[in-house]
Amino acid sequence: MKKHILTAAVAAALVLPAFAQNVAVVNGQPVPKARLEALEAHIKEQAERMGHPAPRLDAEKLREEAIVREIYMQEAKRKGLEGSEQVRRQLEVMREQVLIVALFDDYKKNNPVTDKEAKAEYDRLVEKEKPEAGAKEYKASHILVEKEDEAKDIIAKLKKGGKFDEIAKKQSKDPGSGARGGDLGWASPKSYVPEFSDAMQKLKKGGLTDAPVKSQFGWHIIRLDDVRDAKAPQLPPFDKVKPQIVRHLEEQKLLAWQQELRKNAKVE
């Protein structure tokens, strides 16, 4: 009797550690805990690669996902799909892709973007956004219509005392500015198509185009409301945009390295 009890205890001691390494047994086939951990790591890596924070993963949902994957794998094998030519080709492409991604990750790990590099890039962007000496910004309004004759009629109405903003709201084909009475806000001349920009810059403050201006969008009646010295845009502080800058520089470094590898490869 004691011998039987001892044998059962030994068997249990041998089975329990093995069972602890599995999250489930599906149709007699164990689903190892390592597979669940690999699945969890994959999900987190994908999120990180896309620039998203690591998701909080529910343990039971992960286990269920591992179980259904095992069920599908067993069914695919039962149908003999594992050995098909199509599957073999796809697995080979996937194997290559996994190795390539691992290679790129290894390069980024061993060639990190330093804080000094990130700050230098931020300073370069700030300097780039500074307007040129003497640059101006224009506050203009316009009314956009499809036909020249319609534009000429509007100019005639305006010269007789018609209200620019009222006509813009009723007749302008530009839904954005039209709803604001034609107001386009402050902008650099470079923001507009050349025909519009050239005509606008020739106007004096408060002036209106004497003739309609043709562009790819239609016919414009332009009024210049104000002019001021150009201002540099207010960029977010470095700490706010540092992660985006680091990712950008990482991709630049990686691309340069990829090109160097291709250049040095002996291809016959």
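Among the residues here, residue 214 qualifies as part of a strand (DSSP E or B) and among the charged types (D, E, K, R). The set of residues in segment 187-229 being buried (at least 16 other Cβ atoms within 10 Å of the Cβ) and hydrophobic (A, V, I, L, M, F, W, C) consists of 196, 199, 200, 203, 213, 219, 221, 222, 224, 227. The helices (runs of 4 or more DSSP H) found entirely in segment 1-106 that carry 3 or more residues being among the β-branched types (Val, Ile, Thr) and either at pLDDT 90 or above or not assigned by TED's automatic domain parsing to the domain that holds residue 262 (or both) are 2-20, 59-78. When residues in segment 196-217 are screened for being within 33 Å of the chain's Cα centre (by Cα) and more than 15 Å from residue 145 (Cα to Cα), 1 of them pass.
The single condition from (1) at pLDDT 95 or above; (2) of a type in the set (A, V, I, L, M); (3) touching a helix residue (DSSP H, G or I) at 6+ places or on another chain (Cβ under 9 Å) that residue 241 fails is (1). Within the set 125, 208, 144, the sole residue that is in contact (Cβ under 8 Å) with a residue 60 or more places away in the chain, over 30 Å from residue 244 (Cβ atoms) and among the aliphatic types (A, V, I, L, M) turns out to be 144.
Determine whether segment 149-166 contains at least one residue that is more than 30 Å from residue 247 (Cα to Cα), surrounded by 11 or more Cβ atoms within 10 Å (Cβ to Cβ) and in contact with a Ser or Thr (Cβ under 7 Å, 6 or more places away or on another chain). Among the residues of segment 149-166, at least one is more than 30 Å from residue 247 (Cα to Cα), surrounded by 11 or more Cβ atoms within 10 Å (Cβ to Cβ) and in contact with a Ser or Thr (Cβ under 7 Å, 6 or more places away or on another chain), which makes the answer yes.
Comparison of 150, 166, 195 shows that the only residue that is assigned to a helix (DSSP H, G or I) and under 30 Å from residue 233 (Cβ atoms) is 195.
The values are calculated or read from the model by the stated rules, or taken from the named source; none is laboratory data. Quick caveat: nothing in here was measured; it's all calculated off a predicted structure. Ideal geometry is used to build each Cβ from the backbone, glycine not excepted, and the neighbour counts take in all protein chains shown.
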